[in-house]
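So the structure is just underneath, and the comments pick up after that.
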There are 2 protein chains.
Amino acid sequence: MHITKKLAAAHAEGRPTYSFEYFPPKTAQGVQNLYDRMDRMHSFGPAFIDVTWGAGGRMSHLTTEMVKVAQSAYGLETCMHLTCTDMEKGKIDGGLKEAYQAGCTNILALRGDPPREKEKWEQTEGTAFRYARDLIKYIKSTYGNHFDIGVAGYPEGCDEETDADAHIPYLKEKIDAGGTFIVTQMSYDADIFIAWVKKCRDAGIPESVPIIPGVMPIQTYDSFLRRANWTQCRIPPDWMKALEPVKGDDAAVREVGKGLVADFCRKLLDSGVTMHLHFYTMNLAASTQMVLEELAVTPATNTHDPSIKPLPWRQSLGLNRRDENVRPIFWRNRNRSYVARTQDWDEFPNGRWGDSRSPAFGGLDAYGIGLKGTNEHNRKLWGEPKSLQDVSELFVGYMSGKVQTLPWSEAPISSEAHVLTDDLINLNSRGLLTINSQPAVDGAKSNHPVYGWGPRNGYVYQKAYLEVLISPTLIQTLIQRMDANPDITYYAVNNSGELKTNAPQDGGPNAVTWGVFPGKEIVQPTIVETISFLAWRDEFYHLGSEWAKCYDEGSESRKLIREITESWYLVNIVDNDFRNERGIYPLFEGLQVEGVESSPKAAVNGAKETNGHAHQTKDENAKPELNAVPDGNNAVNGADKTAANGDHKN
Amino acid sequence: MHITKKLAAAHAEGRPTYSFEYFPPKTAQGVQNLYDRMDRMHSFGPAFIDVTWGAGGRMSHLTTEMVKVAQSAYGLETCMHLTCTDMEKGKIDGGLKEAYQAGCTNILALRGDPPREKEKWEQTEGTAFRYARDLIKYIKSTYGNHFDIGVAGYPEGCDEETDADAHIPYLKEKIDAGGTFIVTQMSYDADIFIAWVKKCRDAGIPESVPIIPGVMPIQTYDSFLRRANWTQCRIPPDWMKALEPVKGDDAAVREVGKGLVADFCRKLLDSGVTMHLHFYTMNLAASTQMVLEELAVTPATNTHDPSIKPLPWRQSLGLNRRDENVRPIFWRNRNRSYVARTQDWDEFPNGRWGDSRSPAFGGLDAYGIGLKGTNEHNRKLWGEPKSLQDVSELFVGYMSGKVQTLPWSEAPISSEAHVLTDDLINLNSRGLLTINSQPAVDGAKSNHPVYGWGPRNGYVYQKAYLEVLISPTLIQTLIQRMDANPDITYYAVNNSGELKTNAPQDGGPNAVTWGVFPGKEIVQPTIVETISFLAWRDEFYHLGSEWAKCYDEGSESRKLIREITESWYLVNIVDNDFRNERGIYPLFEGLQVEGVESSPKAAVNGAKETNGHAHQTKDENAKPELNAVPDGNNAVNGADKTAANGDHKN
């Protein structure tokens, strides 16, 4: 969606908006960490993010890659920077094409910084465009209105030769050429900014073109001074007075700084010159988050409010993917991998998992599908298990929030899942290793803080789901019990490909999450289905074997993990009676893996935390605060022991 | 579906089955009446029906037309008779092709009766096949296994030259040629039949080939004797003893006859030679129904149990239509018209009303779309209304079951709708003329006797729906009220094409009936949608103008009906909150058409009948008996004043 359209809609309703800027990190690990951070910062509710263009295009492949991942995997409306003076036309064409293919519809068109070795900017030989306005015209001539085109503004001057006032006619030229919004250089002086905006309007830049202030949160005293100096922006004297005394204490600098920056932002918002704030995050989350909290702008005030989830999973903004609204449940804790493995699909399921689709999932070699992190890092995370008891305790640790990730769950268990875990802790403490789960929901209101998604005045439903890794010694008993229960459908596989299921042969997919909304067809965004489960099975065992390889050849740990991934069964279970209070858990009564002893401590933990859940879900009005907002992409490896009800008795 | 496959499935579960044979009537009115009767007899639960081949192919166009309507509009598994000795090859090819295109997969391949003028059968000049076995081979060679092919059996001999035993080798030849089931000539002597079946088996006709007895229910004494004589079948002496004394009293003959025929059937079923009964209905319903009731075979014992509805509307068995599972609600009381107007669609919606579909509904000139019956007949049905009060009373009459049809509802209000009518009677008595409606259902079990459909262990839901014809004097007030209610979506049109709606612009169809079943995607078989509503609007006003034309040019009645259809608004209303008890009816509070005075009697009627409903829906185990089974195709122009609940409190 065009940024200007998105902002206009929010501002028309009086809601301020904000955005985050990121740059391509220099290392692969840095990229991985940034993705995780972008994912987490999604929950702060930015209206869009933007990604800078690697200087001279040297890092441009990373820029386009980041744009693609942000759009497709994280569903973040993304604006791509593009510079022209240091770029050959072929590179510009390539960048625009990749942005287009990623589903990106917003470009920030820039002239570009002068190369480091030159003191002053000049056009590089062989480049196509001298000025940003030329680039804008070129984009318009090749892509029509596909891209919303932003331009840079300089409230305190652009370089030594051009002061702020002298720059305004150039800015006007860029707007006349097709620019539709202006993002400014960082600035800390509200009066200067406000006065400059007035001059821009006087010069004929229409009100319909938003002038967005660039805001640089304060991280450390040194970086604050360096950046302000580099961009020649004025620091109000009282800022120095406030920061100077604490300059040696980074935490104190951030604390004081957040107040100063928030005041600056508030002045701008109050003045009416802008309703949008653009944060230069420097790829860090903390100081931006602190400013947002200080401003008391919560996601609920934002267009991109992540608590108003259009679907129960993060919707992709990739090209052709915008209508996608059905996915298998298996990748819930590995969203990016699902997007990567389906990126070559010509068409994405819309409305239902169509019969006509025979999805061919991509192989396991694509970027982002394997285990994250180094072997050393992973050994630190998951220890060196030498017995099934150790593995059981690792899983219990994850369920209770003490372990941050598991090979099959990329993020820590969320705070919501954390309070849903007593059954899971119980199962895992008996060596029944749970991978993924959701509780039954019998019609919660669509604005329910935990289960809600979709338009207002709707009802959402879930069938209880559990995915669990089962020892071969227990599989027969479990299957017998499942076969005896008419409400249960299951699929069980092992690494050698055997598939057992009681799903109806012609039954097609099983919808396990659906919603009923005013004036709409039923939306059924999450399904359980054979072909995709087999694709997930491959990924699952592949991750298991990668986990085994974290340990030295010949080590006890490698042998143990390999044995589990080679012989245990991956079982998914749906309780089709979504009004049933606890259909799945009695299936496991009395089952215990030999060599695993339940820790009584784990059980107590679970019981205690369940009370918290009961409280939270009963009070629908208790909307979580910004920092308690559920992060849709985190592992929700939790199942309630009661079917969650919206507003009526079961 | 192949008849043998269908019967085998039922018989494997120990359920006996039965089928009905019809022949093409000689007049258009006869055809219409027969369609209505076939439709009604659907609720008796035949596993299939068959349609005889017009002698010498003279009526063959009517045979194929009946096969098509039975398959497509009434969803009856149909077997088409085809004779060969009196037919040119081109006619046989044509008949097979039409059967194929109608979605018919069963043929009864016959030699054919000798032409009347000849005493004895001989091959007509120019015909392609002399024996049924030749026809069978030809069908196999041209259509492979598409058709299940039945053949005729003669337990008491075929003609004067061939006695029963002598015929068996020919029968065996027909089976060897590709016949897969045998339907016999009528017979009343169980011992003869049982012995003959044994001989057939001994002759090598395998058990996998069902030998189906033809059963001729007794209508009148004369016709009973004539038919038995014509087919040379033996009448057991005690039958004559029982029938002779009452032969002058048709009702008594039928009453005695049903016992005799039922005894005969029971003997056959008990003997184990057959689990299927084939009734020669002679196009009449009563005596067949009496035998079925006497046998106490209810639809619940039958494969084609109409109380186990796969969908809330009658599913079509037409070619390409078998997967169709979404329809607009508007044609609920005019099923055949919907099928006719969509018969040229290349593809039918499956799973949802797809975005890709832009349905072009057929015009209003196709057969079966206009008003049924002669003008005189219709004036008798609907009277000659001279005031809005008269029209109001006509509608109240229909709602309370006193009037059999309305121009927009082809069948009497069903017994289920009858007990749901207090709100409707109330509205109509105020001149708010209701056309179609359904109550809200918040998750009734899928085997609920009134609301249930679809596989076992599921839950079905409905949004409350009302379609109503509104005087232009009231439309503004109604629209204001609807606009003020966030749970209501509506479409309002008039004959000049004006469309008002508050449906979301990009909202697409609104699912108003859906079901949740084990191991399946959500099924949403009934929708409200713009394009189809506009197609229904055309049909609606066309029927209105046909009604007006039932009255003489210049008559008061014609003027009145024309005025209504030219100026009143057709409004459809959905209450999207399916948990709301009565969202739609308060919209009409205080609205009354000028010149219409509510009859207090109507109100009393309604109130009384509602009690009946409350009783009926609360007791889920009270399965209706055969003769109380809801006829899916009848008008269910009724709405409950409370949301119907499955098994939980709201």
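The values are calculated or read from the model by the stated rules, or taken from the named source; none is laboratory data. In this text the structure is predicted, and so the values were computed from the model without any measurement. FYI the Cβ positions are ideal-geometry reconstructions off the backbone, even for glycines, and counts take in every protein chain you see. To get the accessible areas, we keep the full protein, side chains included, count just its heavy atoms, and leave off ligands, DNA and RNA. Shrake-Rupley method; radii C 1.70, N 1.55, O 1.52, S 1.80 Å.
So for the stretch B:25-43 (the condition being out of contact with any Gly (no Cβ under 6 Å at 6 or more places or on another chain), under 25 Å from B:PRO206 (Cβ atoms) and touching a residue at least 24 places away in the same chain (Cβ under 8 Å)), does at least one residue qualify? The answer is no, given that none of the residues of the stretch B:25-43 is out of contact with any Gly (no Cβ under 6 Å at 6 or more places or on another chain), under 25 Å from B:PRO206 (Cβ atoms) and touching a residue at least 24 places away in the same chain (Cβ under 8 Å). A residue that is over 26 Å from the mean Cα position of the chain (by Cα) and free of Cβ contacts under 8 Å to residues at least 40 places away in the same chain cannot be found anywhere in the stretch B:566-574. With the structure loaded, tell me whether A:GLY204 is at pLDDT 95 or above, among the small types (Gly, Ala, Ser) and farther than 30 Å from A:LYS97 by Cα or whether it fails that test. Yes: the conditions hold for A:GLY204.
Keeping to the stretch B:492-520, report how many residues are more than 18 Å from B:TRP353 (Cα to Cα) and either within 14 Å of chain A (Cβ to nearest Cβ) or crowded, with 18+ Cβ neighbours inside 10 Å (or both). Quick ask: steps written out before the conclusion?
At the first step, the residues of the stretch B:492-520 found to be more than 18 Å from B:TRP353 (Cα to Cα) are B:492-502, B:517-519.
Now restrict to residues that are either within 14 Å of chain A (Cβ to nearest Cβ) or crowded, with 18+ Cβ neighbours inside 10 Å (or both): B:492-495, B:501-502, B:517-519.
Selection size over the stretch B:492-520: 9.
Against the test of being buried (at least 21 other Cβ atoms within 10 Å of the Cβ), of a type in the set (A, V, I, L, M, F, W, C) and at pLDDT below 90, the options B:ILE435, B:ILE425, B:ILE413, B:ILE470 yield a single qualifying residue, B:ILE413.
Restricting the first member to the stretch B:498-521 and to residues that are among the aliphatic types (A, V, I, L, M), and the second to residues that are surrounded by fewer than 19 Cβ atoms within 10 Å (Cβ to Cβ), the beta-carbon pairs closer than 8 Å and six or more apart or on different chains are B:LEU499/B:THR530; B:LEU499/B:LEU534; B:ALA503/B:THR530.
Tell me, which residue of the stretch B:527-558 that is away from chain A (no Cβ under 14 Å) and in a loop (DSSP other than H, G, I, E, B) is nearest to the chain's Cα centre (by Cα)? Selected residue: B:CYS550.
So, restricting to helices (runs of 4 or more DSSP H) that lie completely within the stretch B:228-346, which ones have at least 3 residues that are closer than 30 Å to B:CYS200 by Cα? Talk me through it step by step, then tell me what you get.
On the way: elements: B:237-243, B:250-271, B:286-295, B:335-341.
Hits in the stretch B:228-346: B:237-243, B:250-271, B:286-295.
In the stretch B:321-355, the residue that is nearest to the other protein chains (Cβ to nearest Cβ) out of those that are touching a residue at least 24 places away in the same chain (Cβ under 8 Å) and small (Gly, Ala, Ser) is B:GLY351. Scanning the stretch B:480-491 for residues that are more than 14 Å from every other protein chain (Cβ to nearest Cβ) and in contact (Cβ under 8 Å) with a residue 40 or more places away in the chain returns a single hit, B:ARG481.
If you check A:GLU566 against the conditions, is it open to solvent by less than 50 Å² (accessible area, probe 1.4 Å) and either at pLDDT below 95 or outside the structural domain of A:TRP408 (by TED's automatic domain parsing) (or both)?
On the way: open to solvent by less than 50 Å² (accessible area, probe 1.4 Å): no; either at pLDDT below 95 or outside the structural domain of A:TRP408 (by TED's automatic domain parsing) (or both): yes.
Taking the combined requirement at face value, the residue does not satisfy it.
Here are some conditions: (1) farther than 22 Å from A:ILE561 by Cβ; (2) touching a residue at least 12 places away in the same chain (Cβ under 8 Å). A:SER429 meets all but one. Which one does it not meet? Every condition holds for A:SER429 apart from (1).
Restricting to the stretch A:373-400, name every residue that is at pLDDT below 90 and out of contact with any Asp or Glu (no Cβ under 9 Å at 6 or more places or on another chain).
Here is the first cut: in the stretch A:373-400, the ones at pLDDT below 90 are A:373-374, A:400.
Hits for the stretch A:373-400 are A:GLY373, A:THR374.
I'd like the full set of residues that are part of a loop (DSSP other than H, G, I, E, B), open to solvent by 60 Å² or more (accessible area, probe 1.4 Å) and not polar (S, T, N, Q), limited to the stretch A:376-410. Give the derivation first.
Applying the first criterion (part of a loop (DSSP other than H, G, I, E, B)) to the stretch A:376-410 yields A:383-387, A:400-405, A:407-408, A:410.
Narrowing the set further to residues that are open to solvent by 60 Å² or more (accessible area, probe 1.4 Å) leaves A:384, A:386, A:402, A:404.
Scanning the stretch A:376-410 gives A:GLU384, A:LYS386, A:LYS402.
Within the stretch B:550-561, identify whether any single residue is of a type in the set (A, V, I, L, M), in the same structural domain as B:ASN485 (by TED's automatic domain parsing) and modelled with pLDDT under 95, and answer yes or no. Before you say what the answer is, go through the steps one by one.
At the first step, the residues of the stretch B:550-561 found to be of a type in the set (A, V, I, L, M) are B:560-561.
Now drop any that are not in the same structural domain as B:ASN485 (by TED's automatic domain parsing), which leaves B:560-561.
If we keep only those that are modelled with pLDDT under 95 too, we end up with none.
No, every residue in the stretch B:550-561 fails to be of a type in the set (A, V, I, L, M), in the same structural domain as B:ASN485 (by TED's automatic domain parsing) and modelled with pLDDT under 95.
Evaluation of A:ARG357 against the conditions (1) part of a loop (DSSP other than H, G, I, E, B); (2) at pLDDT 80 or above; (3) surrounded by fewer than 20 Cβ atoms within 10 Å (Cβ to Cβ) shows that the sole unmet condition is (2).
For every residue, the table says whether it meets (1) more than 28 Å from the chain's Cα centre (by Cα); (2) more than 22 Å from A:HIS276 (Cα to Cα); (3) free of Cβ contacts under 8 Å to residues at least 40 places away in the same chain; (4) open to solvent by 40 Å² or more (accessible area, probe 1.4 Å).
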| residue | (1), (2), (3), (4) |
| --- | --- |
| A:GLY214 | no, no, no, no |
| A:ASP222 | yes, yes, yes, yes |
| A:LEU225 | yes, yes, yes, yes |
| A:TRP230 | yes, yes, yes, yes |
| A:PRO237 | yes, yes, yes, yes |
| A:MET240 | yes, yes, yes, yes |
| A:LYS247 | yes, yes, yes, yes |
| A:ALA252 | yes, yes, yes, no |
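For A:THR477, are the conditions met, namely being touching a residue at least 60 places away in the same chain (Cβ under 8 Å) and open to solvent by 10 Å² or more (accessible area, probe 1.4 Å)? Yes: the conditions hold for A:THR477. For the stretch A:575-593, the candidate set comprises residues that are over 32 Å from the mean Cα position of the chain (by Cα) and more than 14 Å from every other protein chain (Cβ to nearest Cβ); within that set, the residue that is most open to solvent (accessible area, probe 1.4 Å) is A:GLU589. Identify the residue in the stretch A:559-574 that is hydrophobic (A, V, I, L, M, F, W, C) and away from chain B (no Cβ under 14 Å) and, among all such residues, is nearest to B:PRO518 (Cα to Cα). Checking each candidate, the answer is A:VAL571.
In the stretch B:449-468, the residues that are within 14 Å of chain A (Cβ to nearest Cβ) and within 11 Å of B:VAL516 (Cα to Cα) form Cβ pairs under 7 Å with partners that are among the polar types (S, T, N, Q) and buried (at least 24 other Cβ atoms within 10 Å of the Cβ), at six or more places apart or across chains, as follows: B:ASN457/A:ASN576. A:GLY179 fulfils the conditions (1) part of a loop (DSSP other than H, G, I, E, B); (2) among the small types (Gly, Ala, Ser); (3) exposed (fewer than 14 other Cβ atoms within 10 Å of the Cβ) except for a single criterion, (3).
So that you can scan it fast, the table gives a plain yes or no per residue for (1) among the acidic types (Asp, Glu); (2) in contact with a helix residue (DSSP H, G or I) (Cβ under 7 Å, 6 or more places away or on another chain); (3) open to solvent by 10 Å² or more (accessible area, probe 1.4 Å):
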residue	(1), (2), (3)
A:PRO169	no, no, yes
A:SER187	no, yes, no
A:PHE193	no, yes, no
A:TRP196	no, yes, no
A:ARG201	no, no, yes
A:ILE205	no, yes, no
A:PRO210	no, yes, yes
